[in-house]
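The values are calculated or read from the model by the stated rules, or taken from the named source; none is laboratory data. Fair warning: this is a prediction, and the values are worked out from it, not measured in the lab. Methodologically, a virtual Cβ is constructed for each residue, glycine included, from the backbone with ideal geometry; neighbour enumeration extends over all protein chains shown.
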Amino acid sequence: MSARPGRPPVRARREARAGLAFVAPALTLIALFFVVPVVAGFLLAATDFDIYGIGDFTTARFVGLGNFAALLHDPVFWKALGNTFYFVLVGGPLSVGVSLGAAMLVNARLVRFKGFFRTVYFAPVVTTMAAVAVVWRYLYHPRFGLANQLLAAVGLPDVNWLGDPRWAMPAIILMAIWKNFGYNMIIFVAGLQGIPTTLYEAARVDGAGPWQQFRHITLPALRPMLVFVGIITMIGYFQIFTEPYVLTGGTGGPLNATLSLVMYMYKQGFRWWNIGFAAAVALVLFLIILAGTLVQMRLQRERS
Amino acid sequence: MRRALSVIALHLALAAGAVATLLPFAWMLSASLMPKGEASRWPPSLLPSRATLANYRELFVRLDLGRCFANSAFVAIVSTGLALLIVSAAGYAFAKLRFPGRSRLFRGLLTAMVIPAQVAMLPLFLQLRTIGLVNTYWGVIIPALAPVFGIFMVRQYALSIPDELLEAARVDGASELLIFRRIVFPLLRPILVTFGVFSFMGAWNDFMWPLIVLTDGRRYTLPVALANLIGEHAQDIELMTAGSVLTVLPVLLIFLALQRTYVEGITMGGVKE
């Protein structure tokens, strides 16, 4: 970084001082309340720091990879890992699909009141997860919940949404999609609006049907948004916590069917104060998210 | 004819989606106005037989949830106000002021965004515990004061400020602080409004960190208070839905008022939910 031509060095020095002063508050806060704890998190994961250590740091012992070895032999950890992957791999694509469908509907040429529909679909995104989860807990009530009333209206049998281990995760996925599809929809709408209409007109002249137009024009044009949306959705879904916490009253039940990795970390770390062990769970989460992000970026590069 | 049919089909699909999206909100509002026990009666009723505000009164008078509302408002307003100052200064400096290590620091910040917040939570809690900030509003606020996505947003926007403008002010002898206050800050206004909305909503809606830091019910923010309340009052559907309305209403109103700003913020990219 050389000074711009004709700038006296005094002024360049003054600018550098000002620059450092302006970033100092942000960098100090980030260093103290993010960088230090992250580094400490890596270190903690290698100790047996627990409730006794809270009073006295010196009682913590270095256990190396011991926590990770313990994790591998912990069936509840595997359950939480499996649930989290279930949520990400089933819920993630479904959510992106619904977002894309909604975006195409809202953005369709013939549609009126576009703004109205966009606002309605987006509304759940801005609301408070904990509060809407309270509401959904009642919607899923086996007796007077709206969900079962709707099923009954079309002649389907009742479902014990949050009480049956097979249905609890689908129930959470359904709520999560309702809550966040509007966010990705907005990104897709922006992408769709960037596609020149002449492309579609030319395709129609060539006799391409709606499906072919979607496959050969819409999808390729949306690829950058799909990658972006795929990555942020995946990252967010891996960190699922509030949904199962509030829907199941903090248990992750029934039978741990909705216990997520972050919930497991929370319980181990903040309920039972197995801090070293919980830090190891958080690191596993980090490594998974990192790997997932790298894989998606790699896939994108290979395709283009 | 075919065109008319597809217009109708499209609007039917959109209307069905809108009903499905709004149904939980509508039921929440309706149940919150029902007299006690009506939401759990069989056969279920969708509308209150007679609308009552008794549940809201109970929330404020007996359960003192007004206090939690004030806690939430305090945390969201203070953290947003301070974050606006911190983020605008940093974003502007990263865009417009040359200082050694600038690009390396900025790249480092962006890279750090891949680390999920949960990795920092346990040590951060212990750290706050040693400095006595557990179970305080500042314990909730401080870790949220310098969000990297905000610095990124402001920096991208500040890149468009013409250098000549800043140089001219310098030639006139203005100090860097004066330039920031008088020239840069007003120019950044649109992006700061966008960031402010994001920050406020993020703080208002946040659940996990306040749940960890706050241990005393009188200091709970609304989402934590609700999650706690449902433990004792799970059967009291009318009361709990009233609490949900109280929690959701402010953010919903802000969104309706500042919709365009908010949506533009998302499409700018790089903004985390």
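Quick notes
- Test: residue in the range B:107-126 that is more than 24 Å from A:Ala12 (Cβ to Cβ) and more than 25 Å from the chain's Cα centre (by Cα): yes
- Counting the residues of the range A:96-145 that are farther than 30 Å from A:Val189 by Cα and surrounded by fewer than 20 Cβ atoms within 10 Å (Cβ to Cβ) gives 3.
- Cβ-Cβ under 7 Å pairs, at least 6 apart or on other chains, the range A:148-177 side more than 14 Å from chain B (Cβ to nearest Cβ), far side part of a loop (DSSP other than H, G, I, E, B) and exposed (fewer than 13 other Cβ atoms within 10 Å of the Cβ): A:Pro165/A:Leu255
- Test result for A:Gly207, small (Gly, Ala, Ser), surrounded by 13 or more Cβ atoms within 10 Å (Cβ to Cβ), farther than 21 Å from A:Val106 by Cβ and in the same structural domain as A:Leu81 (by TED's automatic domain parsing): no
- For the range A:258-304, the set of residues classified as over 22 Å from A:Ala70 (Cβ atoms), of a type outside the set (S, T, N, Q) and in contact with a Lys or Arg (Cβ under 8 Å, 6 or more places away or on another chain) consists of A:Arg303 only.
- Criterion applied to B:Leu46, B:Leu29 was being without any contact (Cβ under 8 Å) to a residue 60 or more places away in the chain, more than 30 Å from B:Ile179 (Cβ to Cβ) and either outside any loop (DSSP other than H, G, I, E, B) or within 13 Å of another protein chain (Cβ to nearest Cβ) (or both), and the one residue passing it is B:Leu46.
- Residue in the range A:59-68 that is outside any loop (DSSP other than H, G, I, E, B), in contact (Cβ under 8 Å) with a residue 24 or more places away in the chain and either closer than 13 Å to A:Phe277 by Cβ or touching a helix residue (DSSP H, G or I) at 6+ places or on another chain (Cβ under 7 Å) (or both) present: yes
- Looking across the range A:37-55, the residues that are part of a helix (DSSP H, G or I) and either at the interface with chain B (Cβ under 7 Å from one of its Cβ atoms) or in contact (Cβ under 8 Å) with a residue 12 or more places away in the chain (or both) come down to A:Pro37, A:Val38, A:Ala40, A:Gly41, A:Phe42, A:Leu44, A:Ile51, A:Gly53, A:Ile54.
- Considering residues of the range B:1-10 that are within 7 Å of chain A (Cβ to nearest Cβ) and modelled with pLDDT of 90 or more only, the residue surrounded by the fewest Cβ atoms within 10 Å (Cβ to Cβ): B:Val7
- Residue match in the range B:11-25 (condition: more than 10 Å from chain A (Cβ to nearest Cβ) and over 29 Å from the mean Cα position of the chain (by Cα)): yes
- Helices (runs of 4 or more DSSP H) fully within the range A:83-143 counting 2 or more residues that are aromatic (Phe, Trp, Tyr): A:114-126, A:129-139
- Of all residues in the range B:90-134, those being of a type in the set (Lys, Arg) and either touching a residue at least 12 places away in the same chain (Cβ under 8 Å) or part of a loop (DSSP other than H, G, I, E, B) (or both) number 2.
- Test: residue in the range A:204-226 that is β-branched (Val, Ile, Thr), without any contact (Cβ under 8 Å) to a residue 12 or more places away in the chain and outside any helix (DSSP H, G or I): no
- With a requirement of 1 or more residues that are within 8 Å of another protein chain (Cβ to nearest Cβ) and at pLDDT 95 or above, the helices (runs of 4 or more DSSP H) lying completely within the range B:201-273 that satisfy it span B:208-213, B:222-233, B:237-257.
- Filter pass, B:Ala95 being within 19 Å of B:Gly139 (Cα to Cα), modelled with pLDDT of 95 or more and more than 8 Å from every other protein chain (Cβ to nearest Cβ): no
- Residue selected from the range B:164-177 under the condition surrounded by 12 or more Cβ atoms within 10 Å (Cβ to Cβ) and free of Cβ contacts under 8 Å to residues at least 40 places away in the same chain, by the criterion nearest to B:Ala89 (Cα to Cα): B:Leu177
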